[in-house]
Each structure stands twice: as structure tokens, then as C-alpha cells.
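Single-structure report; data block below.
Values in this text are rule-based calculations from the coordinates and carry no lab data. Keep in mind it's a predicted model, so treat the numbers as computed, not measured. Neighbour counts run over all protein chains shown; Cβ positions are idealised from the backbone, glycine included.
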2 protein chains.
Amino acid sequence: MRIGELGDTAGVALPTIKYYLREGLLPPGHRTSRNQAQYDDDHLRRLRLIRALIEVGGLPVAKVHDVLAAIDEPGLPVHKMLGAVSKGLCTPAEATHDPARTDARRQVEELIERHGWQVSDKTAEIDIVASVITRLAELGHPGFVTVLDAYFEACQRIAEADVDYVARLGKLEDVLEGVVLGTVFGEAALAAIRRLAHQSTSAKRFGPA
Amino acid sequence: MRIGELGDTAGVALPTIKYYLREGLLPPGHRTSRNQAQYDDDHLRRLRLIRALIEVGGLPVAKVHDVLAAIDEPGLPVHKMLGAVSKGLCTPAEATHDPARTDARRQVEELIERHGWQVSDKTAEIDIVASVITRLAELGHPGFVTVLDAYFEACQRIAEADVDYVARLGKLEDVLEGVVLGTVFGEAALAAIRRLAHQSTSAKRFGPA
DNA sequence: CCATGTGGATAGTGTAACTATCTATTATAG
DNA sequence: CTATAATAGATAGTTACACTATCCACATGG
């Protein structure tokens, strides 16, 4: 198909597609002449993925680029790819050396150990959780850490379901895409479901007034 | 304290504070003369809250405004406030009437019912989950819904821990702030912990190579 | 008293994500 | 075979957002 049809099918404005091509999010079409190119179903699929990451996942274009690059890296083992995707999705917590943060980091590491998780100790996510703890302490909520135990427990189940799902996909390239989609869409879904659970739990606890 | 000290203490540039005052995120100080005002610990606390919502929660200023307005609403019962905060935090899914979406909505409602949750059926979060399902189906992942069961299960525990935490705070205004912080910071922490769990689970499952 | 700090108004900056326009082609419907 | 529409690529413009800077008249405090 030609670029116009691609845009119509995916519901994306033509100049936007050109923009994605310029930014390298979308691979160029197969040229048939100086000003003509053909786009196939892979382009359509990729374009839908891009839009989904931006609209549902709220990712900036630059991060979409990183994530797609990780998917496209040939011969990357799945767990490396997972790391690359995570890194692409992560907004690293601001680096700081204040003692409160160091302490918070240790608390997170202890939670990881207590749950028997195998996690590289230079994972950026540890710092994210640590910065959440620190910020909450600054705001007068030092007790929030106790809640995190439940989060770890819950995430254990969630991660197993997630990994089960992508493992079942079988074909490597589907698995790679599955990891990205599972990470990003799963996060969006999880946040929404958690809020539904809040609504329900507080409704039940504080009476049907 | 004066505005300069407020900025220094909170680590926020003075023009930024003026900007937040203009936008109504921060209430004005207590005027002592035409061009002087005093700021107290409440202002400092509020300013830290604003920065936290923006930096950790990634909220746009406009949403911070909505959320703060919900906190400040006097005499609002907690569950109403929770709804207002959720609405403030929510990026509503694009409205659409395609049949796939209607079907996805029904799937979500079935999940809600199966878990016995009490949720208003016009909650925006239902549409968010539905749009995630639809998007994933479009991208060739119609099976992802099966994973959501685990998400619901997990969120049940999480929400109980969350509600326990804020209920323990006791004082109303602390509870209100706790709801905001728990929602926003909890979401950030949860996403990070989930990714840690992914790392661990896939490391264990796919061998210590 | 006078350098420094302030409130309020207005204007400017930088980035991100498009969106529009232009030119030289090429495809294609009539 | 021609007139219309579509296309690739380059460049420039737009919009929204979150600050950031400058100005002024006035106030504070060493």
C-alpha cells in the first residue's frame, strides 16, 4: 500500500507518518521510484504499536524510539531485551547522595531479599522505589514502607502471569513485542484496576452511604 | 518566612513559586504590606507536595491543580474525594462506539462482578482498561485479557493495604493528603516493583545464564 | 539610607510533538 | 495522452506546556 492508505488505515495523519519516518520510528517503505514507496502490513503493525505506546503508554517519542530499537536488535536474548525495554521506559530517579536516600535504598534491597527476588543491584527501579520512599518521608509519611510488602507480594503474582503470557507466545519476535506491550499496557491496566479496587474497597469499608 | 526562604528550603526556584501562585497551585501568603507576604509551614508542605506530584507522579500542572482542589474542598467525604482525585489523575480513554470497545467494556465489567467489586459503572477507569484490551486485540494480542484476572486478584490485596494505611492516619486532612500520595506515589512504586518482579521472574525461569 | 528582597505584571525561552508548505517528480483516471 | 491527485524529501511553522526573566514601585533591615 502507499503512504496515504497506511495513514487512513491506522488513523494517523499523513504528516505525522512522515515525521515518524524522519525520526526513525517507522522503517522506510520499499522504494519503487524516486518519489514512491510501498508499505506493507509490518509497517501498519509498527505504526499501530507506535501510536499505542504514545497514547496508551504515554511514552515520549524518544523513548518509543529506544524501545523499538531494543525490539529490532537481532539476536538479543529475551532477558536482555526486557532490561533494554525497562530502561527505555524508565524515567531514572534523580541521582542524590543524601543519607535518607541511601537508607531507603537499603530498605528496598531488604524487601527484595526477603521475597527472594533475583535482581541486579544496579537496576534503576530500585532507585525509583527508594526515591518514592524518601519523598514520602519528607512529606510526613515515613510509614508508607510497610505497605510495600503487599506490593511485592502482589507483583510476584502479577509478574508470573505476565511472564507466563509472553512465554506462551512462542515465536521470538512475538515474544519481544509481547514484552513491550505487556510492560506498557500492563502498567496502564494495572494502575486503572488498582484505582477500581480502591473505589470498591473504600466503598465497602466506609459503608454504602 | 518570606518567599525566598520558602524557595530555598523546598529547593524550588523563586520564579517557579511565583508561577505556582499565579496558577493557584499554592495559596497566597499572608500579606503584611503591599509587596510583602509571609509563608508558613503549610505553604512549604504544599509546595513539596506539588513538586512530588510533578516529579514523581509525572502529573501535568493542570492535573495537580485539580487534585489539590479536591483535597481542599471542605467537608468532602473521603470516598468522594477519592473519586475526585482519581478523576483528576485519570487521562480518560478516547470515547468511541466501535463494537470491539463495547465488548471489551463488558469483559471488564464481568471481571469486576466476578471479583465482587463495588464500582460505579460510569467510572472512567473501566474505559481505560477496555481501551487497553481493544488496543491489544488490534495489535494481535487478544489473549491478554486472561492475565487481567491475576491483576484483579493482586489489586484486591494492594487496595486493602492502601486503604488500611490511609485509614490509620486518623486525622481527616492527613487522610485526604494520604489518599493523593498513596494513589500517585503508590502507582509509581507499583510500576517499578512490577518491573523488578519481571526481572526476577524471567531470570529464574529462563535460567541463570 | 541604601543594597537587597518583594508582589505583580508581562514577556520570553526551550522542548516536544506535531502540522503545513513547497518542489520536483510519479501515478493514474478519464 | 493529459489533467488531476499523490508522493518523497526538505524546511518552516504551530501549539501546548512549564517554566524563566525582566520590569517596576515599594518595603525591609543591617
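A few points about this structure:
- When only the Cβ of Lys, Arg, Asp and Glu is charged (+1, +1, -1, -1), the dipole of the range B:3-86 relative to its Cα centre reaches about 180 debye.
- For residue B:38, distant residues with modelled amide H under 5 Å away: B:30, B:31, B:32
- Packing-based exposure ordering (other Cβ within 10 Å, fewest first) of A:82, B:6: B:6, A:82
- Closest approach to the A/B rotation axis among chain A Cβ atoms, residue and whole-Å value: A:154, 2
- Taking the fewest neighbouring Cβ atoms within 10 Å as the starting point, the ordered list for B:33, B:120 is B:33, B:120.
- Across the identical copies, the label point of residue A:206 (7 Å from Cα in the Cβ direction) is separated from its matches by 4.4 nm, in order from shortest.
- Chain A: DSSP helices with Cα axial extent of at least 27 Å and average Kyte-Doolittle hydropathy no lower than 0.0: A:145-168, A:172-205
- The Cα center of the range B:127-171 and the Cα center of the range B:36-57 differ in position by 31 Å.
- Residue exposure sequence - B:73, B:187 - by fewest surrounding Cβ within 10 Å: B:73, B:187
- Ignoring lysines fewer than eight residues from residue A:204 along the same chain, the ones with Cα atoms less than 22 angstrom from its Cα are B:80, B:87, B:122, B:171.
- Reach of residue B:18 by Cα under 21 Å, taken over lysines that are not fewer than 8 positions away in the same chain: B:63
- The calculated 222 nm mean residue ellipticity attributable to helices in chain A amounts to -23000 deg cm²/dmol, summing -39500 (n - 2.57) over DSSP H runs of n ≥ 4 and dividing by all residues.
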